[in-house]
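One structure below.
The values are calculated or read from the model by the stated rules, or taken from the named source; none is laboratory data. Fair warning: this is a prediction, and the values are worked out from it, not measured in the lab. Glycine also receives a Cβ, built like all others from the backbone with ideal geometry; neighbour counts cover every protein chain displayed.
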Amino acid sequence: MSGGKGGSTTQTTQQTIPSYLQAPIKRNIAKAEDLAQIGFTPYMGPEVAAMTPMQQAAMRNTSQAAQAYGLQAAPGQEIMPEPQTFAGGIQGYSSFPMYEQALAELEARMPGQYAALTAPFIDPVTGAEPLSPYGNGGQAQDTASGGEGRSSSSGFTDGRTSYAGYNSMGVYNPLMDKRP
């Protein structure tokens, strides 16, 4: 049974952050927000070592020995791409060129999605900060009106209509992307 003669009572518990922690917490949150704007930093160095000259010689010798017995020569280094040379003369292979190619392909085929993915981060070349946590909301800057920092309603600097799939809050939705 509930209720009764005494009625019901409500108990409220309040949690507070100690004053000595408030400033460090605010600094940590601000630092985390700054770090979040850096964006993904891919590894650009070698991931797989190239064969050494001794390994290449061993492959050639093995192939020549097989040919001496009438066997077909095994493919050697000719089936491998040319290794890249990195700092200190290290030779190897990196997947970074494929990453760059994939980004360029994404930007060419889906510019709205590429813009939405890169908008929250600083410009990796200039270091310019994003205009907001979500870039400029998918809108190009209106430089024709002299209003630096103002958004153009079209989404393009040449006045075309934007079909980029951004909602009114500036968030990209691929289902709304109606580009011709």
Looking only at residues in the stretch 95-148 that are loosely packed, with under 11 Cβ neighbours inside 10 Å, at pLDDT 90 or above and aliphatic (A, V, I, L, M), which one is farthest from residue 45 (Cα to Cα)?
108
Report whether or not residue 82 is exposed (fewer than 12 other Cβ atoms within 10 Å of the Cβ) and either charged (D, E, K, R) or in contact (Cβ under 8 Å) with a residue 60 or more places away in the chain (or both).
yes
Checked the stretch 1-52 for anything of a type outside the set (A, V, I, L, M), at pLDDT below 85 and loosely packed, with under 10 Cβ neighbours inside 10 Å; matches are 2, 3, 4, 5, 6, 7, 8, 9
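If you go through the stretch 53-64 one residue at a time, do you hit one that is touching a residue at least 40 places away in the same chain (Cβ under 8 Å) and not in a loop (DSSP other than H, G, I, E, B)? Can you show your working first?
So the first thing to find is which residues in the stretch 53-64 are touching a residue at least 40 places away in the same chain (Cβ under 8 Å), and the list is none.
Taking every residue of the stretch 53-64 in turn, none turns out to be touching a residue at least 40 places away in the same chain (Cβ under 8 Å) and not in a loop (DSSP other than H, G, I, E, B).
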